[in-house]
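These notes are about the structure you will find just below.
The values are calculated or read from the model by the stated rules, or taken from the named source; none is laboratory data. A quick note: this is a predicted structure, and the numbers were derived from the prediction, not measured. Counting neighbours? That spans all protein chains shown, and the Cβs are built from the backbone with ideal geometry, glycine included. Accessible surface areas use protein heavy atoms only, side chains included; no ligands, DNA or RNA. Shrake-Rupley method; radii C 1.70, N 1.55, O 1.52, S 1.80 Å.
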Amino acid sequence: MQWSDFLAALTFQAGYNSALVALGALLLGLAAGGTGTFVFLRKRALVSDAVSHATLPGVGLAFLLMVALGGEGRWLPGLILGSALSAALGLVLVQAMVSRTRLSEDAAIGAVLSVFFGLGIVLLTVIQTMASGRQAGLESFLLGSTAGMLRSEAVTIAVAAAVAALLLFAFRRPMTLVAFDPGYAAARGTAVNRVDLGIMGLALIVTVIGLKVVGLILIVAMLIIPPVIARFWTDRVDAMVLIAAAVGGVSGWVGTAISASAADMPTGPIIVLVAFGLFVLSLLLSPARGVLASALRYRRFQERVHRRQGLLAMARAEPIHDRLTLRVLRRAGLIRADGVATEAGRAAVAAAALDEARWAHVRRTDPGDPVLERYDGLTALDDLLTRDQLSDIDRAMPGPGIA
Amino acid sequence: MMTAELIARDGRLITTPQAEDAALTVRGLTVSYGAKPAVFSVDATFPAGSMTAIVGPNGAGKSTFLKGLLGIETPLSGEVRVFGRTMGRARRDIAYVPQRASVDWDFPARVIDVVEMGLYGELGLLRFVTRGHREKAMAALDRVGMADFAERQIGQLSGGQQQRVFLARALAQEARIYLLDEPFAGVDAATERAIVEVLRLLRAEGRTVVAVHHDLSTVGDYFDRVLLLNVRRIAEGALAEAFTPQNLQAAYGGRLAATQIDELRLGAG
Amino acid sequence: MGLEFLQLSLAPLLIGVLAAVACALPGNFLVLRRQALIGDAISHVVLPGIIAAFLLTGTVSAWPMMIGAAGAAVISVALIELVRRLGRVEPGAAMGLVFTTMFAGGVLLLEQSDTSGVHLDVEHALYGNLESLIWIDAEGWGSLLDTGALAGLPPQVARLAIVLAGLVAFLWLFWRPLAISTFDPGFAQSVGIRNGPLGFALVTATAVAAVAAFDAVGSIIVIAMFVCPPAAARLMTNRLGRQVAWSVGFAVVSAVLGYVLAGYGPLWLGAANSVSAAGMIATVSGLILAAACVLGPQRKRTGEAAA
């Protein structure tokens, strides 16, 4: 890969066609990431996989129809229209199977996906053998291909992606409402079903636009990966949509640039791999939900549990057998290597016993106290009550120390 | 029967260890979903031949306690002994009845197929189901009054009937300890009576019964012991000692009005 | 007709039937466990597995590739589980993320490596080439008893037969725990059935079926056979054993009818060339499922009866 080519592609300097394609991929990624967020939040990520595979027979039929009418079979808007129709049919069939029969959604998705794809392949073999010289190049719809894309095609994709992004922007409010809390949205008079339909409709539009760029097998990744990444960085729906759109846009743009700057770099897979790279970074580094942060948190939590259990066992003068408990206590300097409590240990035991006694006292004398809702065995009352509240409890308790 | 009675008069049934013997002991059981313990450091002892209700408010970790001691949820810490052995070595002593709503009743199976699942410990992977096995399963169904439904598709049963089938599956296990998760949830009155009757017979046979139970008003009628749970153990013991207004108040906090407690016929009153 | 059938059609038919049944068998449990899409994920990652095996060994011989594909399938399932647990990502999204990424990686590897000399391409991976698996050594019906001629059968026949036998043995051996842990995992655990390893064994069996079938017929049939025959069978009966039997029947009918329609259908319509047999088999299985959805005696969910 040439750096200069890559930078040129990245800055839209690599020729008019390439710039158009890069812009189209960027807009497509934007629309896909944003739309994907709603699909993801409605837990329908893989429904879009059925939709994307269901485009193939539509592509084939549209080609056959256009040729039969004496036209140019490869005319992109016609192919897009055909793919949209068959994808919509696939979507309707998934819904019908789930609502009318006992089959669950995963089986319906798998069935529609494989059968439509199989039918599409049958049609492709028909087309391949039809008239000589009519190598339709429809295979490029499987994996996407931006190399050798006609200018008219690039324009179509860029414009359609821009329209999809605009639609997303226009309908962001009702979709956010439904994704965040469908019950509340329904109570406010939003037609949840219609919004859901709109979300899947938008996903369908993104899918058919993306066919030529990313291909029907991988387009679903552009709907799934950006929202998964966004989820690592925020808990808010509106922020998620923005982050996912940005991630999708960046993946599309950088992916096309890489693909354009070297040989044998298929666009669709590269875009997906760029997005996946961003996912791995998020998985590791996100402060709230990342792996590193969680591992640290879990470890600390486990140590708190064992420390508390150990201290309470010591307060009851029971022997401790659990190795981890012993290690935690030893490392905290609460017991010596031979298991005898240190001075700090005795103080901690007294504190834990006092805290337990306080909890028990509050539970006995004031069972309605809301502070009891906070009890989890680990949190000390010191952290929840003010000093004067604590001394009130201490005064009222029968005696100091262990109850 | 004669011999059994004679032995019983002597004070010791062969099938029942002395009542003080623990069938099941749990020490320091902590189970946590994420960073908040659902069950914290709970100790409990279930004497052989006793019938214990696990009681506590919603979200108090009652079901989690059962799942944790069975190893269905991996505990953060804790030790479980079944007649002195570890859970892994004592599977055949335990019959577990999960919540009815925890499974998909659309599964393609008949009532008798589900009951025969209880014979898994006996059958293992390959042993064929013989007439003896079939009779055992039918006898279990008969005990819960469901013998006529053996061939019925499980999805066609009412909630109460589903619960009876689950109980029959546990009966087919012929275990020494029965752990039931909300056996009376969403069942009709006749089914509730039938289940109680079966559980009492189990106790009379010297078996140990532990049930998660949500209806405070029937605890006193159905059970002889209680484990009050709210994340941690609040109280445990015979009804008279443990099922007291103070303990209930401690377990339920403000969620249980004093008047409600007064209405319960409590052992210690 | 006789000789032509033996030479040109017997082997593809056999392979199609064996592959369809090998996939439909574990598919029954996948559908009941609501894991139908595991089959989808696995068949997508077979491609990178095969390419990785090719790059490592430098040959296109069958066994390394099958091992590579099975390895990729197992890795993908482990990765899905990892993403799901570590990132607390919803299972569907985790699955979609992993298999698209691995597929993308496979395509990139394929483009980057020099595979021009060997028959290795995406189309082949997707829809196989059932029609090319002919039995040229056949000289008449007597060849069916002639070991020399039988040795000339495409190797996929024997491979699929072995895999199918293995799958039947696996299901026969683990039928009881599989049924129990599918219906009621909590109870299964309480009687000592280890749900985790058992589930993993099922997925591995699925992967083996996918890989063996994929080698002969491509991944479309694989996905279709994992889902369509078992799903259609579920709508025919309310008993597990009978469901499995129905699914095998549907798989066989799909394979035979699909192959015949692909080979002879276009001729009947006056066209000169046949169409993709793999695609047609998938299509027929879909038509069977559609019929079961409309007519199957047990197509309706049994609603929760009043308590």
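Looking at C:P177, is it open to solvent by less than 20 Å² (accessible area, probe 1.4 Å) and under 21 Å from the mean Cα position of the chain (by Cα)?
Working: open to solvent by less than 20 Å² (accessible area, probe 1.4 Å): yes; under 21 Å from the mean Cα position of the chain (by Cα): no.
Criteria not met by C:P177.
Would it be correct to say that A:I80 is assigned to a helix (DSSP H, G or I), under 28 Å from A:A160 (Cβ atoms), under 29 Å from the mean Cα position of the chain (by Cα) and at pLDDT below 95?
Details: assigned to a helix (DSSP H, G or I): yes; under 28 Å from A:A160 (Cβ atoms): yes; under 29 Å from the mean Cα position of the chain (by Cα): yes; at pLDDT below 95: yes.
It is true that A:I80 is assigned to a helix (DSSP H, G or I), under 28 Å from A:A160 (Cβ atoms), under 29 Å from the mean Cα position of the chain (by Cα) and at pLDDT below 95.
Output the residues belonging to segment A:273-307 that are charged (D, E, K, R) and more than 10 Å from chain C (Cβ to nearest Cβ).
Within segment A:273-307, A:R297, A:R299, A:R300, A:E303, A:R304, A:R307 meet the criteria.
In segment C:218-251, which residue that is assigned to a loop (DSSP other than H, G, I, E, B) and hydrophobic (A, V, I, L, M, F, W, C) is farthest from the other protein chains (Cβ to nearest Cβ)?
Only one residue fits best here, namely C:M236.
Considering only segment B:96-124, how many residues are open to solvent by 30 Å² or more (accessible area, probe 1.4 Å) and either under 14 Å from C:R239 (Cβ atoms) or at the interface with chain C (Cβ under 8 Å from one of its Cβ atoms) (or both)?
Final tally of qualifying residues: 5.
If C:A245 passes every condition in (1) open to solvent by 40 Å² or more (accessible area, probe 1.4 Å); (2) more than 30 Å from C:L32 (Cα to Cα) but one, which one does it miss?
(2)
Among helices (runs of 4 or more DSSP H) lying entirely in segment C:126-212, which contain 3 or more residues that are within 14 Å of chain B (Cβ to nearest Cβ)?
C:155-183, C:185-190
Restricting to segment A:113-144, name every residue that is modelled with pLDDT of 75 or more, open to solvent by 30 Å² or more (accessible area, probe 1.4 Å) and more than 7 Å from chain C (Cβ to nearest Cβ).
Matches in segment A:113-144: A:Q128 only.
Counting just the residues of segment B:201-238 that are under 17 Å from B:D21 (Cα atoms) and among the small types (G, A, S), which one comes out farthest from the other protein chains (Cβ to nearest Cβ)?
Once the filter is applied, the top-ranked residue is B:A204.
Say whether the condition of being among the polar types (S, T, N, Q) and part of a helix (DSSP H, G or I) is met by at least one residue in segment A:4-15.
yes
State whether the residues of segment B:18-30 include one that is crowded, with 20+ Cβ neighbours inside 10 Å, touching a Ser or Thr at 6+ places or on another chain (Cβ under 6 Å) and more than 14 Å from chain A (Cβ to nearest Cβ).
We begin by selecting, within segment B:18-30, every residue crowded, with 20+ Cβ neighbours inside 10 Å; these are B:23-24, B:26, B:28-30.
With touching a Ser or Thr at 6+ places or on another chain (Cβ under 6 Å) added as a condition, the list becomes B:23, B:28, B:30.
Retained after the next criterion (residues that are more than 14 Å from chain A (Cβ to nearest Cβ)): B:23.
Within segment B:18-30, one or more residues are crowded, with 20+ Cβ neighbours inside 10 Å, touching a Ser or Thr at 6+ places or on another chain (Cβ under 6 Å) and more than 14 Å from chain A (Cβ to nearest Cβ).
Check whether at least one residue in segment A:380-390 is closer than 22 Å to B:L228 by Cβ and at pLDDT 80 or above, and report yes or no.
Yes - at least one qualifying residue is present in segment A:380-390.
How many residues are away from chain A (no Cβ under 14 Å) and more than 22 Å from the chain's Cα centre (by Cα) if we restrict to segment C:56-97?
4
If you scan segment C:266-283, which residues turn out to be assigned to a helix (DSSP H, G or I) and open to solvent by 10 Å² or more (accessible area, probe 1.4 Å)?
Those that are assigned to a helix (DSSP H, G or I) and open to solvent by 10 Å² or more (accessible area, probe 1.4 Å): C:P266, C:L267, C:W268, C:M280, C:T283.
Can you pull out the residues in segment A:10-28 that are small (G, A, S) and at negative phi?
A:A14, A:S18, A:A19, A:A22, A:G24, A:A25
Please report, ordered by residue number, the helices (runs of 4 or more DSSP H) entirely within segment A:166-265 with at least 2 residues that are open to solvent by less than 30 Å² (accessible area, probe 1.4 Å) and not hydrophobic (A, V, I, L, M, F, W, C).
Values: elements: A:172-180, A:182-187, A:192-210, A:219-233, A:237-260.
Per the criteria, A:192-210, A:219-233, A:237-260.
Pick out the one residue from B:F166, B:F128 that is surrounded by fewer than 15 Cβ atoms within 10 Å (Cβ to Cβ) and under 20 Å from C:L240 (Cβ atoms).
Result: B:F128 is the single residue among B:F166, B:F128 that is surrounded by fewer than 15 Cβ atoms within 10 Å (Cβ to Cβ) and under 20 Å from C:L240 (Cβ atoms).
Could you go through segment C:127-136 and let me know if any residue there is at pLDDT below 80, more than 19 Å from C:V211 (Cα to Cα) and not charged (D, E, K, R).
Yes, some residue in segment C:127-136 is at pLDDT below 80, more than 19 Å from C:V211 (Cα to Cα) and not charged (D, E, K, R).
Of everything in segment C:130-153, what is surrounded by fewer than 20 Cβ atoms within 10 Å (Cβ to Cβ) and in contact with a Ser or Thr (Cβ under 9 Å, 6 or more places away or on another chain)? Give them in sequence order.
Passing the criteria: C:E131, C:I134, C:D137, C:A149, C:L150, C:G152.
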